[in-house]
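No lab work stands behind these numbers, since they all come straight from the coordinates. In this text the structure is predicted, and so the values were computed from the model without any measurement. Ideal geometry is used to build each Cβ from the backbone, glycine not excepted, and the neighbour counts take in all protein chains shown.
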Amino acid sequence: MAGRSFFNVSEEQPKPTKETLLNSLEDLENELKKLGHVTLEEQLKELRKHVKNVLENQEEEIEFLRNKILSLEKEVKRQKAKTEPLEKALALAQATWAWEKHLARFVVHSSTRIYPSGWNDQMQDYLNETNKEHDRFDRIQAKLTKWTHHHWRVIKNVTRERNCMVHPNLIDLDLVESEILNMSPKHQVLLRDMLEELKMTAALMKFGRLAKHTRTELGVHGKEWNQCAMNEIISWDCKFEEIDGLQNIEHEEAKEYLTKYVDDPENIFHYNFIVDSIKEANGQRLGKLAWEMESKIPREYSDALSYLKKLLPNSHDKSKFLKDLNVTIATLHVPDFLPKQLWKHGIEIVEKYFGLT
């Protein structure tokens, strides 16, 4: 057979194209014609016609899909250009909304329910009725800044001027920080005070839930725990489900707010030892969970999953000795073990695994 042959392509040669395939079929036709196989020649000619039609249809379909993809990419860019300014405009108001919920939930004792609206009014009613010795609101002010009517006025203005139409659970606090820079210097100070309180309450309630879970569900006891420190940390476990969950805060940053709140240089070691030990123990459990997720999570989450699997490299040797994490504890730990750009994916894969989304 003459030089060109589709059927004798070696591994080193380029992959066959539409042209090489049709040329090879034509070569076969010519060979059959020379040998006098008229019937086979006609059959092969008909086959080549069908193959050509199929390939041309595929080319049209591929071109259509290519154009569709380009069109969708342009639409995504247009939508992103439209939503980014809105996201920035709403960031501060979203943060004030989250701050009000977090502060109310932390200040009001866990035995008292927090209802879905009017959080500040509920907190003020509670403070008017409670013993001042147990006033967490005053304690936060003493550790961070003294709250004044100027703070309330600025926050109400921000909420009114940038009226939030949606309240996403995951607020980009870095974006909030950058937007604060666009405010007047006086308002910058007041809004940073609000942001500090938001982070402090998120940090303390996070550690409270983690400590309570460690003691009750994992059964961790022992002389290494300072029981006074453990009991106080557990007391910060407020029912944050009533405010739709906590804002994300990473372990080391949360410890900074823990240190400010406790404000006890002689005993802060015990608090840090407890929360660091919990993180270390639950890191392996989160790694175990990641290995269990592997076959059930879409490929788009592979980067986040890879990070989490590294928390338990020897999965087959250790996983049988590790108790499982529940969805809340796993979600609280996501910011501790993933880079910030993967927090959203990390939380989503946990929720998908537990069937919440």
Using a basic spin-label model with each label point 7 Å from the Cα along Cα→Cβ, how many nm lie between Y115 and L127? 2.0 nm
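Counting other C-beta atoms within 10 Å, which of D264, D135 has the fewest, and how do the rest follow?
Numbers: D264 12, D135 15.
Fewest-to-most ranking of D264, D135: D264, D135.
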Report the extension gain between S178 and K340 in nm, rounded to one decimal, defined as 0.36 nm multiplied by the number of residues separating them, less their alpha carbon distance. 56.7 nm
Once both label points are put 7 Å beyond Cα along the C-beta direction, the F273-E256 separation in nm becomes 2.5 nm
For labels at L72 and N226 in the simple 7 Å Cα→Cβ model, what's the distance in nm? 5.6 nm
When Lys and Arg each count +1 and Asp and Glu each count -1, what net charge do the other residues less than 14 Å away from S306, Cβ to Cβ, add up to? 0
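For a quick check: sort L356, L28 by the number of other beta carbons within 10 angstrom, fewest at the front. Working shown, then result.
Values: L356 11, L28 20.
By the 10 Å Cβ count, ascending, the order reads L356, L28.
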Would you please give the FRET efficiency between L65 and L21, computed as 1/(1 + (r/R0)^6) with r the Cβ-Cβ distance and R0 = 25 Å, to the nearest 0.05? 0.75
Which of K101/K344; K143/K344; K186/K340; K255/K340 exceed 26 Å between C-alpha atoms? The answer is K143/K344; K186/K340
